[in-house]
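Step one of this worksheet: look at the structure below.
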Amino acid sequence: QVQLVESGGGLVQAGDSLRLSCAASGRTFSSYVMGWFRQAPGKEREFVAAIRGGGTYYADSVKGRFAIARDSAKNTVFLRMASLKPEDTAVYYCAAGAGGRPAMSALGYDYWGQGTQVTVSS
């Protein structure tokens, strides 16, 4: 059974940093695209970052502030978030996708975690 479990969310102040982790189990994800999405109250889920092979992808809103990385040996993906802003407040979801579908679209993913809340106060 495939499971993605996020951790590391919390309440921080604007300008602070957080590192989210996503532990994947149930299969080997080294060939999968791994991504992070977020959903703020009253808004649609949006792409944040993804990593596939040696490439990384970022939403314009987080470029230069967020960094995605993976530890394939541990089936874990990380999202390092710096210079956090109140508009980064959302539930952050980890996702995994097989195949060559677009990494920046939710349609490119097969498995999703339950999410972890990130709240940034001003």
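Condition first: in contact with an Asp or Glu (Cβ under 6 Å, 6 or more places away or on another chain) and at pLDDT 95 or above. Can you find one or more residues in the range 60-71 that meet it? Walk me through it before giving the result.
Step one: of the range 60-71, the residues in contact with an Asp or Glu (Cβ under 6 Å, 6 or more places away or on another chain) are none.
Scanning the range 60-71 turns up no residue that is in contact with an Asp or Glu (Cβ under 6 Å, 6 or more places away or on another chain) and at pLDDT 95 or above.
Take the range 90-106 and flag every residue that is among the small types (Gly, Ala, Ser) and open to solvent by 20 Å² or more (accessible area, probe 1.4 Å). Give the derivation first.
Taking the range 90-106 as the starting set, the residues that turn out to be among the small types (Gly, Ala, Ser) are 90, 95-100, 103, 105-106.
Hits for the range 90-106 are Ala98, Gly99, Gly100, Ser105, Ala106.
Of all residues in the range 107-122, those being touching a Pro at 6+ places or on another chain (Cβ under 8 Å), more than 12 Å from Asp88 (Cβ to Cβ) and surrounded by fewer than 18 Cβ atoms within 10 Å (Cβ to Cβ) number 0.
Any residue at all in the range 91-110 that is in a strand (DSSP E or B) and touching a helix residue (DSSP H, G or I) at 6+ places or on another chain (Cβ under 6 Å)?
So in the range 91-110, the residues in a strand (DSSP E or B) come out as 91-97.
Filter once more, so that each one left must be touching a helix residue (DSSP H, G or I) at 6+ places or on another chain (Cβ under 6 Å): 97.
Yes, that holds for at least one residue.
Checking the condition closer than 19 Å to Tyr109 by Cα, in contact (Cβ under 8 Å) with a residue 24 or more places away in the chain and not β-branched (Val, Ile, Thr), which residue from Arg19, Arg27, Arg80 passes?
Arg27
The set of residues from the range 43-67 being within 18 Å of Thr116 (Cα to Cα) and either open to solvent by less than 60 Å² (accessible area, probe 1.4 Å) or in contact with a helix residue (DSSP H, G or I) (Cβ under 8 Å, 6 or more places away or on another chain) (or both) comprises Arg45, Phe47, Val48, Ala49, Ala50, Val62, Phe66, Ala67.
To keep it simple, each residue is scored yes or no on (1) among the β-branched types (Val, Ile, Thr); (2) open to solvent by less than 60 Å² (accessible area, probe 1.4 Å); (3) under 11 Å from the mean Cα position of the chain (by Cα).
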| position | (1), (2), (3) |
| --- | --- |
| Arg19 | no, no, yes |
| Ser30 | no, no, no |
| Met34 | no, yes, yes |
| Pro41 | no, no, no |
| Ala69 | no, yes, yes |
| Ala82 | no, yes, no |
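The values are calculated or read from the model by the stated rules, or taken from the named source; none is laboratory data. Everything numeric in this text was worked out from a predicted model, so none of it was measured. So basically every Cβ, Gly included, is an ideal-geometry build from the backbone, and we count neighbours across all protein chains shown. Heads up: the accessible areas ignore ligands, DNA and RNA and are worked out on the full protein's heavy atoms, side chains in. Shrake-Rupley method; radii C 1.70, N 1.55, O 1.52, S 1.80 Å.
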